[in-house]
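S.K.: Mind looking over this structure? Questions follow.
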Amino acid sequence: MQLNLETSTQEIIAECAECGLCSSACNFLAQTGVSPLEMASRGITFEEAYGCAQCGLCEVVCPLHLNPMQMFVDRRVEAVRNEELDPNDFNYLLPDEEENVMKLYRSYYEVDYSDITIDLDSKTCFFPGCTLMTYSPGLTKRIYSQIQLKYGCQGMLTSCCGKPLYQMGLIDRAEKYSETIINEVKQRGIQRLVVSCPSCYYLLRDLIKGTGVEILTVYEMLDFKNGSPESLPQCTVHDPCPDRGEGIFAQQVRGALETFGYELVEMANNRENTLCCGSGGQISHFRPELACNLVESRLNEASGSGAVILASSCLSCVLNFARKPSQLSIRHALNLLLDYDEDYTETKNKAAQMFSDQDEILN
């Protein structure tokens, strides 16, 4: 992956017209009070680099199709290489560490997959993604069982896709980690990956490009129930930022929910104009107040749509919304489509409690 801070800033310096549309759309840019052109001209600060949610909305609204986000992405890489950021401070986030939050949570709460059959020689494998398999093991198993029944999928890849490494600017470690995923796919002779998470889908698709491995979403693999015998509440869909460009999940999720019988209502900002849930770019660890503002803005928008249910195809988004008190029912789209209901309101608190208990033990 080629990253070049000089190239990305020079593009903004040469072409930005300072129309203000990106700052109007982006909470982060609005708070800085500085245009992308000004930032590029005087240099991106460390705080600015790690304040960007990497959601990509700035490029969508720019009439010149400029991408200010890329400056912040490149500046994070520079910050790591200049040792402005100590990765050891964030080991708990990183998938290439032995003791990260996902692994600790699964161990602490005894999240276990020993009760399901996994064939290491299966040519079709389910890739649930670390968030789903950590915080929703029941739904993960339900999805897997459905894929087994319909397509004979007997394999599962339990790796993280590696996105947190890329987001943090740890590009060298990210590429090394990505190689381990590619090597495992090759060594196991996997020919098809079935993915439920938009972040995983787009990252893995780029990684395995040219290998001949097919990548599919859960939504195109499964036939969901056609119509419901009862009247279902109105539902609005939050589109995850990685899906902003192509809208693959946006289309498939809406189609499945409508087929199931849900009446869909849209938020003002949807599909390519979707707003970040507050978890993008790991900003909750650098700008928690900004992350909270993004969550509240999106919940207010969902409430204003008249929906009773706020659904998303990304569990990270779901967990972020569910941690805030709301009149909305916050669900993963697959909770609705597979008749597997879960309440996620306490999930984030359970993770916090795990760290609190460990601190007490250590002290």
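S.K.: Students often forget the sequence filter, so: which lysines lie under 19 Å Cα-Cα from K103 once same-chain residues fewer than 8 apart are removed?
M.R.: Reachable lysines: K141, K163, K348, K350.
S.K.: Moving on. Counting only protein heavy atoms and using a 1.4 Å probe, what share of the accessible area of segment 1-101 belongs to carbon plus sulfur, as a whole percent?
M.R.: 47 percent
S.K.: If each of E263 and R205 carries a label point 7 Å out from its Cα toward its Cβ, how far apart are those two points in nm?
M.R.: In this crude label model, E263 to R205 measures out at 3.3 nm.
S.K.: Over segment 1-128, calculate the relative contact order: mean separation of alpha carbon pairs under 8 Å at least 6 apart, over the residue count, as a percent.
M.R.: Averaging sequence separation for qualifying contacts and normalising by length gives 22 percent for segment 1-128.
S.K.: Related question: Can you show me the helix-derived [θ] at 222 nm for the chain, built from DSSP H runs with n ≥ 4 at -39,500 (n - 2.57) apiece and divided by the number of residues, rounded to the nearest 500.
M.R.: Computed mean residue ellipticity for the chain: -14000 deg cm²/dmol.
S.K.: So, one more: Putting +1 on Lys and Arg Cβ atoms and -1 on Asp and Glu Cβ atoms, find which of I248, A49, F286 reaches farthest to the positive end of the dipole of the chain.
M.R.: I248
S.K.: Tell me the Rg and the Dmax, in Å, that the Cα atoms of segment 142-273 produce.
M.R.: Rg, Dmax (Cα atoms, Å): 16.9, 53.
S.K.: Which whole-number percent is the relative contact order of the chain (Cα, under 8 Å, 6+ apart)?
M.R.: About 15 percent, as a whole number.
S.K.: Starting from the Cα of F46, step 7 Å along the direction of its Cβ; do the same at K150; then give the gap between the two resulting points in nm.
M.R.: Label-label distance for F46 and K150, simple model: 4.9 nm.
S.K.: Give the calculated FRET efficiency between T180 and S24 to the nearest 0.05, with a Förster radius of 41 Å applied to their Cβ-Cβ distance.
M.R.: 0.45
S.K.: Next up: With the contact rule set at Cα under 8 Å and sequence spacing of 6 or more, what percent relative contact order holds for segment 278-352?
M.R.: It rounds to 25 percent for segment 278-352.
S.K.: Return the unpartnered cysteines for the chain, using a Cβ-Cβ cut-off of under 4.7 Å.
M.R.: So far as the 4.7 Å Cβ criterion goes, C16, C19, C26, C52, C62, C125, C153, C235, C292 stand without a partner in the chain.
S.K.: Turning to a different aspect of this structure: Quick check: pseudo-label points 7 Å beyond the Cα along Cα→Cβ at D343 and E83, how many nm apart are they?
M.R.: 5.1 nm
S.K.: Cβ under 14 Å from Y151's Cβ, Y151 left aside: what net charge do those residues give with Lys, Arg +1 and Asp, Glu -1?
M.R.: -1
S.K.: Could you give P(r) for segment 251-363, binned at 5 Å from zero, as whole percent values over all Cα-Cα pairs?
M.R.: 2, 11, 19, 23, 19, 12, 7, 4, 2, 1, 0
S.K.: Also, I was wondering about something else. Can you check what the net charge comes to around Q70, using other residues whose Cβ is under 12 Å from the Cβ of Q70 (Lys, Arg +1; Asp, Glu -1)?
M.R.: -2
S.K.: Could you calculate the contour length gain from N91 to N226, that is, 0.36 nm times the residue separation minus the distance between their Cα atoms, to one decimal place in nm?
M.R.: 44.1 nm
The values are calculated or read from the model by the stated rules, or taken from the named source; none is laboratory data. Treat the numbers as computed from the prediction; the structure is a model and nothing was measured. Positions of Cβ are backbone-derived with ideal geometry, glycine not excepted, and every protein chain shown enters the neighbour counts. Quick note on the areas: whole protein, heavy atoms, side chains included, nothing else; ligands and nucleic acids left out. Shrake-Rupley method; radii C 1.70, N 1.55, O 1.52, S 1.80 Å.
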